[in-house]
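What follows is a short report on a single structure.
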Amino acid sequence: MAKAKKTEEVNLGFDSKQRRAIAEGLSRLLADTYTLYLKTHNFHWNVTGPQFNSLHLMFEGQYTELALAVDLIAERIRALGELAPGSYSAFAKLSSIKEADGNPAAEDMVRILAEDQLAVVRTARAVFPLADAAHDEPTADLLTQRMHVHEKTAWMLRANLA
C-alpha cells in the first residue's frame, strides 16, 4: 500500500520553510485542543457534587466546541500541504496539556480546565508570529478566533471558583 507523502508543495505565496513551521505550530495547537477535548469530556462524565448539573452541562458545551475546533485546525494544516497528526501517541508528544490523574473533585476540575484553556491560548499565541511574518491571514484568523474562545472559556471557568 502506498504511503501518503508528509508534505505537498503548495504555493500559498510564502516559502515552504514558513509553511512547514506554521503547520508544525498548528500541529501543537491541534494536539493541545484534542487533549483538552478528551480531558473535558472525561470531566463531563465523572463530575459529582452539588454543582453537578451546571458543570456537567458547561463541560458538554466546552467539549462540543473543542470537537469542532480540532477539525478546523486539522483542515488548516492540510490546506498548508502537511499531514495533520491524528494519534494519541502523536498528540502526547506534541501537547502541553497533561492528562488528569485520577478523578479530581469538581472544583479542581474547574481549576484544571481553566489553566488548560490558558495553555492552549499560549500555544496559539506562539504560532501567531509565524503566520504574521508569512502574511498567512487564514491561519492568523484561525489563531485569533481560537485565542478568543479559550480566553473567554477560561474566564467563565474561573468565575465558578470565585
| query | So what's the gap between the Cα centers of region 10-58 and region 84-142, to the nearest angstrom? | reply | 5
| query | Rounded, prolate or oblate: which fits region 88-135, taking a ≥ b ≥ c as square roots of the Cα gyration tensor eigenvalues, rounded meaning a/c under 1.5, else prolate when a/b beats b/c? | reply | oblate
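Would you order LYS17, LYS39 from fewest to most other beta-carbon atoms within 10 Å of each residue's own beta-carbon?
On the way: LYS17 9, LYS39 21.
Exposure proxy ranking, most exposed first: LYS17, LYS39.
Just check region 75-162 against the gyration tensor rule for me: Cα atoms, a ≥ b ≥ c as the square roots of the eigenvalues, rounded for a/c under 1.5, and otherwise prolate or oblate depending on whether a/b exceeds b/c.
Details: a/c = 3.18, a/b = 1.55, b/c = 2.05.
Oblate.
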| query | Among the lysines in region 1-148, how many pairs, 8 or more places apart or on different chains, have alpha carbons under 23 Å apart? | reply | 9
| Which ³J(HN,Hα) values in Hz, rounded to whole numbers, follow from the phi angles of region 33-41 under the Karplus curve 6.51 cos²θ - 1.76 cosθ + 1.60, where θ = phi - 60° and Gly and Pro get x? | 5, 5, 5, 5, 4, 4, 5, 5, 5
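Counting pairs of Cα atoms in the chain, how many percent are more than 27 Å apart? Display every interim value, and only then the final one.
Working: 3605 of 13041 pairs.
Tail fraction, whole percent: 28.
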| said: Need one number: nm distance between label points at ASP132 and SER16, each 7 Å from Cα along Cα→Cβ, rounded to one decimal. | reply: 2.8
| Going through region 1-93, which GluC sites (Glu not before Pro) have at most 16 other Cβ atoms within 10 Å and a DSSP loop state? | GLU8, GLU9
| note | Note: probe point = Cα of ASN46 + 7 Å toward Cβ; backbone nitrogen < 14 Å; residues of region 112-129 passing the test are 112-113
| said: Please report Rg (one decimal) and Dmax (integer) in Å for the Cα set of region 1-97. | reply: 16.7, 55
| message | Just to check I understand the Karplus step: with θ = phi - 60° and J = 6.51 cos²θ - 1.76 cosθ + 1.60, what whole-Hz values come out for region 92-99, glycine and proline as x? | response | 4, 6, 8, 7, 8, 8, 9, 5
| FRET efficiency, LEU72 to ALA105 (Cβ-Cβ, R0 45 Å, nearest 0.05) | 0.85
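In which sequence would ARG19, ARG122 go, from the one with the fewest C-beta neighbours within 10 Å to the one with the most?
Ranked by crowding around the Cβ, least crowded first: ARG122, ARG19.
What is region 120-162 by shape, rounded, prolate or oblate, if you read a ≥ b ≥ c off the alpha carbon gyration tensor as root eigenvalues and call it rounded for a/c under 1.5, prolate for a/b larger than b/c, and oblate otherwise?
Working: a/c = 5.65, a/b = 2.95, b/c = 1.92.
Prolate, because a/c is 1.5 or more and a/b exceeds b/c.
We did not get these values from a lab; they are worked out from the coordinates using the rules stated. From a predicted model like this one, the values you see are computed outputs, not experimental measurements. Note that each Cβ is placed from the backbone with ideal geometry, even for glycine, and that neighbours are counted across all protein chains shown.
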